[in-house]
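Report on the following structure.
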Amino acid sequence: MHTLYRRPGALGVAMAYRFAAEGDLDLLAEWNQQLIRDEGHRNPMDVSQLRERVRGWLESGEYWAVVFSVDGVPVAYALYRESDDEVYLRQFFVDRRRRQQGLGREAIRLLQSELWPTDKRWTVEVLTDNAPAVAFWRAVGYRDYCLTLEILPGERA
């Protein structure tokens, strides 16, 4: 497990990052549940189920999880997978107490400048009703590409 320390970035934040390990699973599951609530997702999984899901992803090598810290305290995480032509960011979360401090922008900057290949498409999915997330992703350079529409069972005419 290698931690990379950074000098203060453009926002004056000295952020460290490292790939997640077994000892991070509880934190990642807790944060994932908060993310699900924050974004208004319908995922019904509890924390123990989320923990096992992320454990499976990491153990299979399908996904990578990165934990970002400031002054040794975890403040955010990213969960992503890489294919031949794409880096898909599945989850990104900043601790609720640390939002609006530029930490999310700095974490994304580190992913894009130090971890992700520049010759691949970078994608993230955002629920359309999650206006703060849509605004954040646009602010860090993502552009609208696709909109998925649905009719749920019980809503059909």
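Would you point out which residue out of T148, T123 is modelled with pLDDT under 90 and among the polar types (S, T, N, Q)? Before the answer, list the steps.
On the way: T123 fails: modelled with pLDDT under 90.
Only one candidate passes the filter, namely T148.
Taking region 15-38 as the search range and keeping residues that are under 18 Å from A133 (Cβ atoms) and of a type outside the set (S, T, N, Q), which one is surrounded by the most Cβ atoms within 10 Å (Cβ to Cβ)?
First, the residues of region 15-38 that are under 18 Å from A133 (Cβ atoms): 31-38.
Filter once more, keeping what is of a type outside the set (S, T, N, Q): 31, 35-38.
Values: W31: 25, L35: 20, I36: 17, R37: 10, D38: 16.
If we take residues in region 15-38 being under 18 Å from A133 (Cβ atoms) and of a type outside the set (S, T, N, Q), then W31 is surrounded by the most Cβ atoms within 10 Å (Cβ to Cβ).
If N130 satisfies all but one of (1) farther than 24 Å from E82 by Cα; (2) loosely packed, with under 14 Cβ neighbours inside 10 Å; (3) touching a residue at least 24 places away in the same chain (Cβ under 8 Å), what's the number of the condition it fails?
Going through the list (1) farther than 24 Å from E82 by Cα; (2) loosely packed, with under 14 Cβ neighbours inside 10 Å; (3) touching a residue at least 24 places away in the same chain (Cβ under 8 Å), N130 breaks only (2).
Filter region 88-130 down to the residues that are basic (K, R) and in a loop (DSSP other than H, G, I, E, B) and list them by number. Break it down stepwise before answering.
Filtering region 88-130 for residues basic (K, R) gives 90, 96-99, 105, 109, 120-121.
Correct list: R99, K120.
Quick check on my filter: what residues within region 71-87 are of a type in the set (A, V, I, L, M, F, W, C) and either assigned to a loop (DSSP other than H, G, I, E, B) or surrounded by 14 or more Cβ atoms within 10 Å (Cβ to Cβ) (or both)? Give the derivation first.
If we filter region 71-87 for residues that are of a type in the set (A, V, I, L, M, F, W, C), which is where we start, we get 73, 75-76, 78-79, 87.
Of everything in region 71-87, those that are of a type in the set (A, V, I, L, M, F, W, C) and either assigned to a loop (DSSP other than H, G, I, E, B) or surrounded by 14 or more Cβ atoms within 10 Å (Cβ to Cβ) (or both) turn out to be V75, A76, A78, L79, V87.
Return the residues of region 39-86 that are within 13 Å of the chain's Cα centre (by Cα), closer than 26 Å to T128 by Cβ and not β-branched (V, I, T); say none if nothing qualifies.
Within region 39-86, E39, Y63, A65, A76, Y77, A78, L79, Y80, R81 qualify.
When only residues in region 131-157 that are of a type in the set (K, R) and not in a helix (DSSP H, G or I) count, which is farthest from the chain's Cα centre (by Cα)?
Taking region 131-157 as the starting set, the residues that turn out to be of a type in the set (K, R) are 138, 143, 156.
The next check asks that each one be not in a helix (DSSP H, G or I); those that pass are 143, 156.
Numbers: R143: 17, R156: 33 Å.
It comes out as R156.
Suppose we keep only residues that are out of contact with any Phe, Trp or Tyr (no Cβ under 8 Å at 6 or more places or on another chain) and free of Cβ contacts under 8 Å to residues at least 60 places away in the same chain within region 88-105. Which one would you say is surrounded by the most Cβ atoms within 10 Å (Cβ to Cβ)?
The selected residue is V94.
Got a number for residues in region 54-68 being touching a helix residue (DSSP H, G or I) at 6+ places or on another chain (Cβ under 9 Å) and surrounded by 14 or more Cβ atoms within 10 Å (Cβ to Cβ)? Explain how you work it out, then say what you get.
Of region 54-68, the ones touching a helix residue (DSSP H, G or I) at 6+ places or on another chain (Cβ under 9 Å) are 54-55, 58, 62-68.
Right, trim to surrounded by 14 or more Cβ atoms within 10 Å (Cβ to Cβ) and you get 54-55, 58, 63-68.
Looking only at that region, the number is 9.
The values are calculated or read from the model by the stated rules, or taken from the named source; none is laboratory data. Note that the structure is predicted; figures quoted are calculated from it, not measured. When we count neighbours, we look across all protein chains shown, and the Cβ atoms used for this are built from the backbone with ideal geometry, even at glycine.
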